[in-house]
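What follows is a single structure, written as structure tokens, with notes after it.
Read the figures in this text as sums done on the coordinates, not as results from a lab. Since the structure is predicted, the reported quantities are computational estimates derived from the model, not experimental observations. Every residue, glycine among them, receives a Cβ derived from its backbone with ideal geometry; neighbour counts consider all protein chains shown.
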Amino acid sequence: MKPANKTGTPAALGFRMPAEWEPQAAIWLSWPHRHKTWPGNFRPIPAKFAEIVAQISRFQNVRINAAKPLQARARSLIARAKADLTRVRFYSHPTNDAWCRDHGPIFVRNDRTSEVALTDWEYNAWGGKYPPYDRDNRIPSRIARALGLRRFAPKMVLEGGSIDVNGSGLLLTSEACLLNPNRNPRMTKVQIEQHLRDYLGVHTILWLGEGIAGDDTDGHVDDLSRFFSADGILTVVTHNRRDLNYGILQENLARLHRLRTPAGGKFKIVELPLPEARSIKGHPLPMSYANFLIINGAVLMPAFRQARRDAEAAEVLGSCFPGREIIAIDCLELVWGLGTLHCISQQQPA
């Protein structure tokens, strides 16, 4: 493969991916309709999405990808959830599934010109696991056309849940996902890193190892570790040595403590508890408090009907995001689809 051409890339033009806590214009969702994603438990999912829309609409705009036949029922549920309907808009964009973090665009912003553009990465449903995904792969181009935004299209598979940025040049990801041969088998680690630099405006890639048990995305970082400030990282841990995730999370924790900031200092590492393990038909559920969503003025936190741990996680998040309301949303049914709040959403910067 030829080296990536830097001429005309977002980074060369002055674009960068903002941190999630920076001002947002909207949150994008893709309305759920694929029953197989929540086998035997789809019925409560649309109402759960409506609840999430209502919470986000208290603070900012919500933009929803949904085929026209889905919209009337979705509007009814959202109205029943008491959303601010003036802040909710549907776009007639058909989808295959509901995981907008991964099939949606990754937005970038030029601080000098204030232009917001989007990057349209290839999407293959986490290594071809859940075909078809053709409609999902077209979502970024549809959004670019609907909003009249400039679109950059790197020839590389990348999901939004596989990365996290601090807005100041650092990107956190995992080897288990980005180096998996089911994504970009013809690209080297060096080439993958260069694409991230060129298209997201970062300069340093920080690598974690494996993902949590039950995660069908091959180790998305948004179930593991997330930036909460330029030099602060939240990371899930368990002290239960019998937990399937114990060794994985201890190794990632050790890696985080070895990392250094661009100035040479240590990162502020804050530990999040891991929910007590639950399974469906022998398959572990990827429950993680790291799958929170930051919005203007609030943080939406997944809760799992574990009173003590839910409360502990909310307290930790509150300490990391002072001044933002911490809103716990019951995600026990949502996680049957193997993802929660961050997985279903994608932020558009202001």
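Beta carbons within 10 angstrom, averaged per residue: use that to sort the peptides 47-60, 317-330, 28-41, 285-298, highest first. Can you show the working numbers first?
Numbers: 47-60: 21.0, 317-330: 16.0, 28-41: 18.2, 285-298: 23.6.
Descending packing order for the listed peptides: 285-298, 47-60, 28-41, 317-330.
What relative contact order, as a whole-number percentage, does the chain give when Cα pairs under 8 Å and 6 or more residues apart are counted?
On the way: 743 pairs, mean separation 72.5, N = 350.
Reported as a whole number, the value is 21 percent.
Considering Cα pairs under 8 angstrom that are at least six residues apart, work out the relative contact order of region 163-285 and quote it in whole percent. Please list the in-between numbers first.
Numbers: 186 pairs, mean separation 29.5, N = 123.
So the answer I get is 24 percent.
Share of antiparallel DSSP beta bridges in region 25-349, in percent to the nearest 5? Mind showing how you got there, number by number?
Working: 21 of 50 bridges.
Expressed as a percentage, antiparallel bridges in region 25-349 total about 40.
What is the sum of charges around residue 126, taking Lys and Arg as +1, Asp and Glu as -1, for the other residues whose C-beta is under 9 Å from the C-beta of residue 126?
My count for the surroundings of residue 126 gives -2.
Within 10 Å of each residue's Cβ, count the other Cβ atoms and sort 218, 164 from fewest upward. Intermediate results must be reported in sequence, preceding the final value.
Numbers: 218 21, 164 25.
Neighbour counts put them in this order, fewest first: 218, 164.
For residue 140, what charge total do you get from the other residues with a beta carbon under 14 Å from its beta carbon, if Lys and Arg give +1 and Asp and Glu give -1? Each step should come with its number before you reach the end.
Numbers: positive: 63, 101, 135, 138, 142, 145, 150, 151, 155; negative: 102, 120, 122, 134, 136, 159.
It works out to a net charge of +3.
Among [x] 67, 64, 52; [y] 56, 55, 43; [z] 50, 49, 40, find the value of Cα extents along the principal axes in Å that was calculated from the structure presented, and write down its label.
For Cα extents along the principal axes in Å, the calculated option is [z].
What ranking, highest mean first, results for peptides 344-350, 76-82 when packing means the other Cβ atoms within 10 Å averaged over each residue? Before the final figure, lay out the partial values.
Details: 344-350: 23.6, 76-82: 16.0.
With the highest mean Cβ count within 10 Å placed first, the list reads 344-350, 76-82.
Using the Cβ atoms and a cut-off under 14 Å, what net charge is assigned to the surroundings of residue 38, where Lys and Arg are +1 and Asp and Glu are -1? Write out the running numbers ahead of the final one.
On the way: positive: 34, 36, 43, 48, 281; negative: 97, 216, 333.
Combined, the nearby Lys, Arg, Asp and Glu give +2.
For region 109-236, give the share of DSSP beta bridges that are antiparallel, in percent and rounded to the nearest 5; count only bridges with both residues there.
Numbers: 8 of 16 bridges.
Taking every DSSP beta bridge within region 109-236, about 50 percent pair in antiparallel fashion.
As a check on your grasp of the helix formula, calculate [θ] at 222 nm for the chain: sum -39500 (n - 2.57) over DSSP H runs of n ≥ 4, divide by the residue count, round to the nearest 500.
Values: 10 runs with 90 residues, N = 350.
The helix-only estimate for the chain comes to -7500 deg cm²/dmol at 222 nm.
Could you tell me which of the pairs 68/129; 36/155; 36/129; 189/266; 36/281 are separated by over 22 angstrom between their Cα atoms in the structure shown?
Details: 68/129 27 Å; 36/155 29 Å; 36/129 13 Å; 189/266 25 Å; 36/281 15 Å.
Over 22 Å Cα-Cα: 68/129; 36/155; 189/266.
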